[in-house]
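Just so you know, all these numbers are worked out from the coordinates, no wet-lab data involved. Everything numeric in this text was worked out from a predicted model, so none of it was measured. Cβ placement follows ideal geometry from the backbone for every residue including glycine, while neighbour counts extend to all protein chains displayed.
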Amino acid sequence: MSTHPQPAPAPKAFPEQHRPERGHGFYPPADQLAAIPPLYGSEGVATADKVIHLHYFVRDCDWWICEYDPATGTAFGYARLHGDDTNAEWGYVNLPELEALHQQGSITSTDTGRLRLIVERDLHWTPRTVREAQLPGRHAQP
C-alpha cells in the first residue's frame, strides 16, 4: 500500500466546435480551470464573497462562473440573458452546451458575408469577488 496520495484524474477534454471562428479556446488553460472550486465548493461562502473565475458572453447574454466540474462540464454561476437584469439568476450551466451554441447568419459583414454569433470567453477577465464584479440584477447579491 502506497502512502503517497494518488494524483487527481485529468479533466475530461471537451471538443470545441467553434474554436476556428472564435479564434481562441473556449476553455481557459488547465491551471486556470484547476483553480475553480468544484460544484458546491463555495457553498459556505457568502454570495458577495464568492469568486467569479470566468466570464462568457454573446451579444447581451452573460455567464459568470464560480464553480466547475471538469468531469461533466457543469458549472455554477450567475447568468443574465438578453440583458434582462430582472430575471438574472444563480444556477447551473453546461459549458460544452454553451460552447456549442451559435446563431446562424444573424449579422452581415461586407468582408465575409453572413457571420455566426458564438459564445466567447472574456480573455481580459481576472478572478474577482461578486462584490467587486458588481453583477447586474436583483439576485446578484442578497
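Miscellaneous remarks
- Net charge, Asp85 excluded, C-beta distance under 11 Å - Lys, Arg +1, Asp, Glu -1: -2
- Local net charge near Glu67, Cβ-Cβ under 13 Å (Lys/Arg +1, Asp/Glu -1): -1
- Local net charge near Pro38, Cβ-Cβ under 12 Å (Lys/Arg +1, Asp/Glu -1): -3
- As a calculated quantity, the FRET efficiency between His82 and Gln141 at R0 = 22 Å, using C-beta atoms, amounts to about 0.55.
- Length released on extending from Gln134 to His24, taking residue separation times 0.36 nm less the Cα-Cα span: 37.0 nm
- Take the Cα of His102, step 7 Å toward its Cβ, do the same at Glu16, and the gap between the two points is 1.4 nm.
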